[in-house]
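Report on the following structure.
The values are calculated or read from the model by the stated rules, or taken from the named source; none is laboratory data. Since this is a predicted model, take the numbers as computed values, not measurements. Neighbour counts run over all protein chains shown; Cβ positions are idealised from the backbone, glycine included.
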């Protein structure tokens, strides 16, 4: 990666060049910027909650093989996105980049996808944490985790996350820093405990076995849907962009935060999956466990009840830290999108607390909306799954759009301080193709007798974005806050053919 010295050394001066009036407090270090994306990716959340899915959709060889492949291509997407983040390091993240590179319509659609993805992610992460807490309660005190109890736990988790994020970016930074070491230490503890326990372990050749319970006969198709374990896990690294206005030396720190969070998660996640698979005692028993969580069954079989409870707590805490980081990232997105007058009631959601320099109202928006999104779980698991599916099918395209638009601009695109240089074009082509492929995979049926609502959810999200653009965006959207900057009309006059 090359660097340009022509950019301003002052973060706030560069932000002003982009037409943004600085309001947030720059108290986030480069490590803490990395920490929020690493916390949101959270291999202990994605890897654990989707472990059972992976065991049935290809088994060990597909789980590990697709982890390597998806991680590699995600790293390429992240590097390309990082290049654009360096040029536009704002809390808006992908939508701001898309607006600058392609016009208002591109920015509006990207913003809707990104925001819906973030809110869906919070609903999925925190509800997932609630289900794991329910499993722990049943294991420890034989308390049956009914749907109502799970929803109550979910509400409490959201409330705590709202309070913690309202306290200011310093608290968020501390918790994200703890999350990094908790996750890395948790992976070491889980793998170490499983490997050192006096129990039977699988031979390395077991990692090359294929197991298919999808109902589909095509191995290639099973490999595609088996890649969802990695695909769903490698989301959320745009958090480094959303917190850029609070990061020192953001033009370099935010891009590095994206790339490093993906790289570290890639390596640590592979070690976690391999260690878990080698410890499987009864494959069918683990796959069909009554605990509702395949990792919990592995912990029970190898370490007994006490050991399983301890490791389950490790995973639960990682999930809680992950959800807290996601609320922080979402709040910045809500704040920035409201700053651009994109949300109804934008005057309220864009307000910054004078004492903490934190968008507190945006924090509570990012807590209340996910709770409402998850309410259908009280009546229908399928409905809840359809809503939270927007997590990946919304966020991944939102990452790819700015990369595509920068590529389309050709030599007219002006990179930032952190740039891929001559490598940007070929890597961006690969990244755009991958985004299209993995988004399609997200929409495929997972089993022969099931329906995947992700495609429907994505279609509804795109329809929502277009309708709201026609009814609100065309008259309300204003990208910048600085009156001396380029007027918003220049964006609004973008040709229809640009989208």
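State whether one or more residues within the range 161-181 are surrounded by 20 or more Cβ atoms within 10 Å (Cβ to Cβ) and within 21 Å of residue 297 (Cα to Cα). Among the residues of the range 161-181, not one is surrounded by 20 or more Cβ atoms within 10 Å (Cβ to Cβ) and within 21 Å of residue 297 (Cα to Cα), which makes the answer no. Restricting attention to the range 406-422, the residues being surrounded by fewer than 24 Cβ atoms within 10 Å (Cβ to Cβ) and in a helix (DSSP H, G or I) number 8.
Here the range 138-159 is the region considered, the condition is being touching a helix residue (DSSP H, G or I) at 6+ places or on another chain (Cβ under 9 Å), without any contact (Cβ under 8 Å) to a residue 12 or more places away in the chain and in a helix (DSSP H, G or I), and the residue that is nearest to residue 359 (Cα to Cα) is 156. For the range 456-478, filtering for residues that are within 22 Å of the chain's Cα centre (by Cα) and surrounded by 18 or more Cβ atoms within 10 Å (Cβ to Cβ) leaves 4. Picking from residues in the range 71-86 that are within 15 Å of the chain's Cα centre (by Cα) and surrounded by fewer than 24 Cβ atoms within 10 Å (Cβ to Cβ), the one that is nearest to residue 404 (Cα to Cα) is 75.
Would you pick out the residues in the range 283-299 that are over 27 Å from the mean Cα position of the chain (by Cα), in contact (Cβ under 8 Å) with a residue 40 or more places away in the chain and assigned to a helix (DSSP H, G or I)? Those that are over 27 Å from the mean Cα position of the chain (by Cα), in contact (Cβ under 8 Å) with a residue 40 or more places away in the chain and assigned to a helix (DSSP H, G or I): 283, 286.
Assess whether residue 40 counts as being over 25 Å from residue 80 (Cβ atoms), touching a helix residue (DSSP H, G or I) at 6+ places or on another chain (Cβ under 9 Å) and at pLDDT 95 or above. In short, no.
What do you reckon, is residue 423 touching a strand residue (DSSP E or B) at 6+ places or on another chain (Cβ under 9 Å) and at pLDDT 95 or above? Criteria not met by residue 423. Out of 267, 174, 223, 280, which single residue is farther than 13 Å from residue 34 by Cα, out of contact with any strand residue (DSSP E or B) (no Cβ under 9 Å at 6 or more places or on another chain) and in a helix (DSSP H, G or I)? Of 267, 174, 223, 280, the one residue that is farther than 13 Å from residue 34 by Cα, out of contact with any strand residue (DSSP E or B) (no Cβ under 9 Å at 6 or more places or on another chain) and in a helix (DSSP H, G or I) is 267.
Residues of the range 187-198 that are over 20 Å from the mean Cα position of the chain (by Cα) and either surrounded by 14 or more Cβ atoms within 10 Å (Cβ to Cβ) or in a helix (DSSP H, G or I) (or both): 188, 189, 190, 191, 192, 193, 194, 195, 196, 197.
When 316, 368 are checked against the criterion of being closer than 24 Å to residue 149 by Cβ and surrounded by fewer than 17 Cβ atoms within 10 Å (Cβ to Cβ), 368 stands alone in meeting it. If only residues of the range 376-389 that are assigned to a helix (DSSP H, G or I) and crowded, with 16+ Cβ neighbours inside 10 Å are counted, the one that is modelled with the highest pLDDT is 376. Of all residues in the range 230-264, those that are over 25 Å from residue 186 (Cα atoms) and part of a loop (DSSP other than H, G, I, E, B) total 3. Surrounded by fewer than 18 Cβ atoms within 10 Å (Cβ to Cβ) and either at pLDDT below 95 or part of a loop (DSSP other than H, G, I, E, B) (or both): is that true of residue 447 in this structure? The answer is yes for residue 447. Close Cβ contacts (under 6 Å, 6 or more residues apart or on different chains) running from residues in the range 195-216 that are at positive phi and in contact (Cβ under 8 Å) with a residue 40 or more places away in the chain to residues that are part of a loop (DSSP other than H, G, I, E, B) and surrounded by 14 or more Cβ atoms within 10 Å (Cβ to Cβ) comprise 215/447.
Restricting attention to the range 313-350 and to residues that are out of contact with any helix residue (DSSP H, G or I) (no Cβ under 6 Å at 6 or more places or on another chain) and in a helix (DSSP H, G or I), the residue that is farthest from residue 18 (Cα to Cα) turns out to be 313. Criterion applied to 60, 22, 89 was being touching a residue at least 12 places away in the same chain (Cβ under 8 Å), surrounded by fewer than 21 Cβ atoms within 10 Å (Cβ to Cβ) and more than 17 Å from the chain's Cα centre (by Cα), and the one residue passing it is 22. Of the set (1) part of a helix (DSSP H, G or I); (2) touching a helix residue (DSSP H, G or I) at 6+ places or on another chain (Cβ under 6 Å), all apply to residue 433 but (2).
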